[in-house]
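These notes concern the structure reproduced below.
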Amino acid sequence: MRNFMQVMVDAVALGSLLALVALAIGLVFGVMRLINFAQGDYITIGAYALVVPTASLTPALFIGALPVPLMVAGVLMVVVLLALATERVAFRPLRNSDPATLLISSFAVSYFLQHLVMLLHTGRPKSVGIGQALTTPIEILGLRVPGIQVVTMAVTAALLIALVLFLKRTPMGIQMRAAAENFQMARLLGVPANRVIAVAFVISGLLGGTVSLLLIVQTGTLDIRMGLMPVIFAFFATVIGGMGSLAGAALGGFLVGVASVLLQSYLPEGLRPFRDAFVFGLVIVILLVRPKGLIVIGAARERV
Amino acid sequence: MLDISELTVRYGKLTALEKTDIRVDEGEAVFVVGPNGAGKSTLLKTVAGLLRPAGGRIAFEGQSIAGGAPERLCRRGLALVPEGRHIFRTLTVEENLLVGMMIRRDRAAVQDDLEQILGLFPILRERFRGVAGNLSGGEQQQLAIARALLQRPRLLMIDEPSLGLAPLVIDQVYASLKELNATGLTLLVVEQSTARVLDLATRVYVLRGGKVVLSDTAEALASGDAMEEAYFGYAGQADA
């Protein structure tokens with residue numbers, strides 16, 4: 001039982017992390033029908049911003065050398081600016097193109113950013129020690145939980161609440177929900193298209209930067225593909241959650257994370273290397289049963 | 001107030017509107033009727049800034065607005081209630097109305113307007129906190145019109161207000177439009193059905209195949225079959 005609880009803590013922590021990535025993808029998809037695979041590279045670059053760009057495998061700290069509040073602010077700022085820059089340069093000119101064009105553009109941005117990092121930092125994984133105090137386990141109700149997992153869950157909960165309040169209570173949030181549902185109609189009512197999209201990218205940057213920090217504390221490793229798996233998992237999460245539904249994206253993120261940890265722990269030893277195949281198989285099964293995802297946008301029925 | 005001249009709009013190679021002239025004076029209720037595919041919706045979408053014209057001029061209150069962005073045009077006093085209403089289904093009635101009010105700077109007057117509009121559409125007051133997707137079709141149409149009115153437009157454009165509504169509900173919608181027009185709001189309404197047009201219209205244009213084939217005052221049209229003939233094509237191009 002204790003072992004099961006321990007596994008559940010792992011599962012919820014990973015689920016939280018994926019929920020953050022899925023929310024970022026879902027939010028941007030909502031306002032511009034763009035599935036932004038470059039979200040993974042935002043995460044990667046946020047993490048690499050912690051160290052000085054060199055070929056060294058144990059690089060000196062850069063933003064990572066700052067006191068914690070400044071370090072967090074620094075990483076978030078780098079990722080937000082990066083997200084805004086990619087929106088302005090790569091996505092805004094294609095605003096009225098079909099989703100396939102936007103998707104390809106996001107792949108291009110993703111490869112570009114990945115190779116930019118490779119150019120500056122080389123492609124080999126590096127180790128970086130930040131927030132190591134957070135990796136020591138703390139005892140909660142007889143369970144030994146790494147501090148970083150507690151932080152991950154707390155941060156996710158806080159961000160989810162903040163995001164819900166933003167979307168429900170602020171004029172910009174309401175405009176963003178309106179634009180996510182029907183962009184043209186929102187523009188007809190005066191919702192400023194450019195600003196709404198820019199704000200969505202700012203939020204995706206904030207979420208991306210947060211994930212950078214949480215991941216790097218957890219793994220202590222910099223890798224140019226570190227953002228890739230979270231984004232692929234999060235993409236599936238948004239699909240099974242129901243494209244266009246933010247609640248669905250968050251829920252999907254949790255489910256995919258939880259499923260992946262449970263499979264890792266309880267699959268027979270010989271099958272564990274194929275864990276991801278099982279996770280994605282599960283995604284297919286969910287989509288076969290509920291093709292529109294778990295949460296179909298409320299009342300999305302035609303009324304006469 | 002609105003002066004459209006020689007307006008041409010194309011979707012790729014397909015010409016939806018060809019050298020169309022339409023005029024709306026202040027205080028009027030101008031109707032554009034025509035069969036499916038005549039270019040009626042294209043006309044309103046182009047005026048509202050959703051489509052770029054291939055040629056011609058659109059002047060609103062003396063200034064050219066052709067090709068302007070919709071979010072700017074609505075700040076100049078143009079509002080469009082598109083076909084199919086396009087309310088935000090996942091938002092509450094209140095939030096739908098809030099989105100309509102956001103371009104307003106006169107906070108105090110907005111509250112008065114809201115009260116007045118909820119008086120005009122009492123059902124929206126009852127459903128104020130409910131999700132808009134749960135409204136019936138007629139209620140959604142009222143919400144779409146109310147939302148546009150909260151922008152305090154000087155010209156309200158409505159695309160097929162009677163589409164998909166029960167006859168009794170159409171009566172209600174037309175009654176509120178009539179009331180609004182009587183208070184001085186200028187209307188440009190597109191309808192496929194000619195049934196109720198003459199109850200409200202001051203002037204009518206008949207559009208066929210992207211061209212105006214008839215335009216006259218409602219008074220003149222009331223006493224003959226000219227409108228029906230033009231609509232169904234018996235009158236041909238000669239009346240244009």
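On alpha carbon coordinates alone, what is the Rg over Rh value for chain B, Rh being the Kirkwood radius?
Result for chain B is an Rg/Rh of 0.96.
With a 10 Å Cβ neighbour count serving as the proxy for reagent exposure, in which order, fewest first, do A:89, A:164 appear?
Ascending number of Cβ neighbours within 10 Å: A:89, A:164.
What Kirkwood hydrodynamic radius, in Å, does segment A:2-226 give when the mean of 1/r is taken over all pairs of distinct Cα atoms and then inverted?
Radius from the Kirkwood sum: 18.5 Å.
Order these peptides, B:96-107, B:54-65, by their mean beta-carbon neighbour count within 10 angstrom, highest first.
Answer by packing, highest mean first, reads B:96-107, B:54-65.
List every residue whose amide H lies under 5 Å from the amide H of residue B:92, counting only residues 5 or more places away in sequence or on a different chain, with H placed 1.01 Å from N in the peptide plane.
B:132
Please compute the contact order of chain B in relative form: average sequence separation of alpha-carbon pairs under 8 Å and at least six residues apart, divided by the residue count, as a percent.
Answer for chain B is 27 percent.
Ordered by residue, what ³J(HN,Hα) values in Hz, to whole numbers, does segment B:203-208 give under the Karplus form 6.51 cos²θ - 1.76 cosθ + 1.60, where θ = phi - 60° and Gly and Pro are x?
9, 10, 10, 9, 10, 9
Treating segment A:160-245 as a set of equal point scatterers at the Cα positions, no solvent, please give the Debye-formula log₁₀ I(q)/I(0) at q = 0.17 Å⁻¹.
Log10 I(q)/I(0), no solvent term: -0.86.
List the residue ranges in chain B for DSSP H helices whose C-alpha atoms run 15 angstrom or more along the long axis and whose Kyte-Doolittle average is 0.0 or above.
What comes out of the filter, once short or polar helices are dropped, is B:107-120, B:167-182.
Sequence-distant or interchain residues sharing an amide H contact under 5 Å with residue B:10, placed H: which?
Residues meeting the amide H criterion: B:16, B:54.
Across segment A:41-51, in residue order, what do the Karplus-derived ³J(HN,Hα) couplings come to in whole Hz, using 6.51 cos²θ - 1.76 cosθ + 1.60 with θ = phi - 60° and x for Gly and Pro?
Calculated HN-Hα couplings, in order: 7, 4, 5, 4, 5, x, 6, 5, 5, 5, 10 Hz.
Can you list the residues, at least 5 places off or on another chain, whose amide H is less than 5 Å from the amide H of residue B:158, using H built in the peptide plane?
B:81, B:188, B:189, B:190
Tell me which lysines have Cα within less than 17 Å of residue B:19's Cα, excluding those fewer than 8 residues away on the same chain?
Reachable lysines: B:40, B:45, B:211.
Please compute, for peptide B:73-83, the average count of beta-carbon atoms on other protein chains lying within 10 Å of each residue's beta-carbon.
Across the residues of B:73-83, the mean count of other-chain Cβ atoms within 10 Å is 2.
Would you compute, for the Cα atoms of the protein assembly as shown, the largest minus smallest coordinate along each principal axis and list the three values in descending order, in whole Å?
89, 48, 47
Each value in this text was obtained by applying a stated rule to the coordinates, not by laboratory testing. Just so it is clear, the structure is predicted and the values come from calculations on it, not from any experiment. Positions of Cβ are backbone-derived with ideal geometry, glycine not excepted, and every protein chain shown enters the neighbour counts.
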